């Protein structure tokens with residue numbers, strides 16, 4: 001117990017870093033997911049093909065493999081380009097690489113969640129918007145998007161919970177999150193089981209709070225719907 005107390009401030013610092021990575025990854029994945037969903041539902045065959053290829057490849061490769069490929073491969077590619085342009089060696093930040101990679105990965109899953117949500121919106125509501133003289137942008141912003149959020153929330157919430165746990169992978173590229181810190185503490189005290197149990201508990205706190213938040217959003221966007 002003494003060892004846990006001694007290392008707990010460092011683990012908490014790593015936990016804050018984990019939350020930062022998770023939130024930034026969520027932002028990236030939400031943007032990519034919306035772009036991907038609109039591309040898949042567009043009339044452009046090129047946009048559909050690009051979005052389809054993106055989701056197929058990303059969902060077919062394990063997250064750990066993608067993390068290492070993008071981090072190490074991206075760094076090599078960036079420095080090869082930099083060498084030709086006469087730049088100094090570029091050391092990619094594990095923090096930036098971490099949230100960009102996780103955001104890129106989960107953008108594929110968000111794409112399918114948002115696509116399903118958009119398809120679930122009643123066509124009658126959309127046609128009513130056009131009948132009132134609304135522009136396509138206003139129809140999407142004021143009718144399709146709010147209704148899509150309600151339909152997509154279950155999938156979105158599930159993706160967020162998985163994303164939050166996936167942040168543990170950033171420890172393999174050297175980011176000192178709570179998993180990385182727990183590994184060092186467990187190695188130095190020879191009590192890895194104890195420290196990884198602490199990390200598991202902290203992840204449960206993150207996902208538990210997140211679950212409460214998603215449930216609140218679900219209730220908020222379902223006001224009047226369930227009564228009907």
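One line per residue, one yes/no per condition, for (1) without any contact (Cβ under 8 Å) to a residue 40 or more places away in the chain; (2) within 21 Å of residue 26 (Cα to Cα):
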site	(1), (2)
129	yes, no
147	yes, yes
166	no, yes
184	yes, no
195	no, no
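Mind checking whether some residue in segment 186-199 is at pLDDT 90 or above and within 18 Å of the chain's Cα centre (by Cα)? No; the residues of segment 186-199 include none that is at pLDDT 90 or above and within 18 Å of the chain's Cα centre (by Cα).
Looking at segment 42-79, which of its residues are buried (at least 16 other Cβ atoms within 10 Å of the Cβ), over 15 Å from residue 98 (Cβ atoms) and under 19 Å from the mean Cα position of the chain (by Cα)? Of everything in segment 42-79, those that are buried (at least 16 other Cβ atoms within 10 Å of the Cβ), over 15 Å from residue 98 (Cβ atoms) and under 19 Å from the mean Cα position of the chain (by Cα) turn out to be 51, 54, 55, 58. Just to be sure before I move on: is residue 152 farther than 21 Å from residue 41 by Cα and either touching a strand residue (DSSP E or B) at 6+ places or on another chain (Cβ under 6 Å) or touching a residue at least 24 places away in the same chain (Cβ under 8 Å) (or both) in the structure I sent? Answer is no for this residue. Restricting attention to segment 177-223 and to residues that are touching a helix residue (DSSP H, G or I) at 6+ places or on another chain (Cβ under 8 Å) and in a loop (DSSP other than H, G, I, E, B), the residue that is surrounded by the most Cβ atoms within 10 Å (Cβ to Cβ) turns out to be 177. Scanning segment 27-41 for residues that are farther than 7 Å from residue 107 by Cβ and surrounded by 23 or more Cβ atoms within 10 Å (Cβ to Cβ) returns a single hit, 37.
Would you pick out the residues in segment 36-69 that are part of a helix (DSSP H, G or I), over 22 Å from residue 166 (Cα atoms) and out of contact with any helix residue (DSSP H, G or I) (no Cβ under 7 Å at 6 or more places or on another chain)?
38, 45, 46, 49, 53 - these are the residues of segment 36-69 that are part of a helix (DSSP H, G or I), over 22 Å from residue 166 (Cα atoms) and out of contact with any helix residue (DSSP H, G or I) (no Cβ under 7 Å at 6 or more places or on another chain).
How about segment 134-147: which of its residues are surrounded by fewer than 19 Cβ atoms within 10 Å (Cβ to Cβ) and in contact with a helix residue (DSSP H, G or I) (Cβ under 6 Å, 6 or more places away or on another chain)? Residue satisfying the conditions is 139 alone.
Tell me whether segment 148-161 contains one or more residues that are surrounded by 15 or more Cβ atoms within 10 Å (Cβ to Cβ) and farther than 30 Å from residue 129 by Cβ. Yes; the residues of segment 148-161 include at least one that is surrounded by 15 or more Cβ atoms within 10 Å (Cβ to Cβ) and farther than 30 Å from residue 129 by Cβ.
The values are calculated or read from the model by the stated rules, or taken from the named source; none is laboratory data. It should be emphasised that the depicted structure is a prediction, and the values quoted were computed from it without experimental measurement. Backbone-built Cβ (ideal geometry, glycine too); neighbour counts: all protein chains shown.
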